[in-house]
Amino acid sequence: MKLGEIFPNESVSTTQGDLKIHDYFGDGWGIFFTHPADYTPVCTTELSMVQKMVPEFTKRNVKMIALSCNSVSDHGGWCEDIKAHGNLEEVSFPIIEDPSRDLAVKFGMLDPDEKDAAGLPLTARAVFIVGPDKKLKLSILYPATTGRNFDELLRVIDSLQLTAYKKVATPANWQAGGDCMVLPSVKGEEATKLFPKMRVEDVPSGKQYMRFTPQPE
Ligand code: BEZ
């Protein structure tokens, strides 16, 4: 799947019943996490972290959905472990089942280096962020052995949501509220009009492309 493509509107079975991905995401943003398997330690820490961060995702109008290559009935038992690990009341987002790995193959998520007891490849840790237009805005693929940093995912959501509406890009290690870069496509007078506090950094090339601005409102 490529950035800018429409995210597949699959019909899926989940811990919260059958749904279609686009309907579930509704008019807002969506984040789709995939997991190698139920009852695995890294995944358990990840999903309890996601649940703890539900208020942060909700604040940003992002709906969460996870996928793991087991059945819904396995997911139900595993959710008890996720809750116990994170000292949580509930797992409030749906977890999709994919025991046949059909979705994993379709989404290109298989990790050839990690196999289950039957020798089948496990799903990698994919993250897909989908915009209100249902287009893929970001994808990251981690191997099964590396758990994700969910603070980083909130950071990229802040950047995606800002840059979707303002003519800026966010620099290295940017955090919400930090200075942004004026988009190279914004030239001359338009730049000074849109960003009156713009600061141009001198560089040896003499080219005036290092244009900083406070984060626009
Ligand atoms: C885990 O979630 O802990 C895990 C899953 C597959 C391979 C390695 C680790």
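The values are calculated or read from the model by the stated rules, or taken from the named source; none is laboratory data. Only a predicted model underlies this, so the values are computations on that prediction, with no experimental measurement involved. When we count neighbours, we look across all protein chains shown, and the Cβ atoms used for this are built from the backbone with ideal geometry, even at glycine. Accessible surface is based on the protein model in full, side chains and every heavy atom, while ligands, DNA and RNA are left aside. Shrake-Rupley method; radii C 1.70, N 1.55, O 1.52, S 1.80 Å.
Annotations for the structure displayed:
Every residue, every condition in (1) of a type in the set (Asp, Glu); (2) open to solvent by 30 Å² or more (accessible area, probe 1.4 Å); (3) closer than 28 Å to Ala164 by Cβ; (4) in the same structural domain as Lys134 (by TED's automatic domain parsing), yes or no:
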position	(1), (2), (3), (4)
Gly4	no, yes, yes, no
Asp18	yes, yes, no, yes
Ile21	no, no, yes, yes
Tyr24	no, yes, yes, yes
Trp29	no, no, yes, yes
Phe32	no, no, yes, yes
Pro36	no, no, no, yes
Thr40	no, yes, no, yes
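- Only residues that are more than 29 Å from Val42 (Cα to Cα) and not assigned by TED's automatic domain parsing to the domain that holds Met49 were counted across the stretch 128-163, and they come to 2.
- Some residue of the stretch 207-214 being open to solvent by 60 Å² or more (accessible area, probe 1.4 Å), touching a helix residue (DSSP H, G or I) at 6+ places or on another chain (Cβ under 9 Å) and assigned to a strand (DSSP E or B): no
- Among residues of the stretch 55-104 being of a type outside the set (Ser, Thr, Tyr), in a helix (DSSP H, G or I) and under 19 Å from the mean Cα position of the chain (by Cα), the one that is surrounded by the most Cβ atoms within 10 Å (Cβ to Cβ) is Ala104.
- Residues considered: Phe107, Phe57, Phe33. Of these, the only one that is within 16 Å of the ligand (Cβ to nearest atom) and either of a type in the set (Ser, Thr, Tyr) or closer than 25 Å to Ile6 by Cα (or both) is Phe33.
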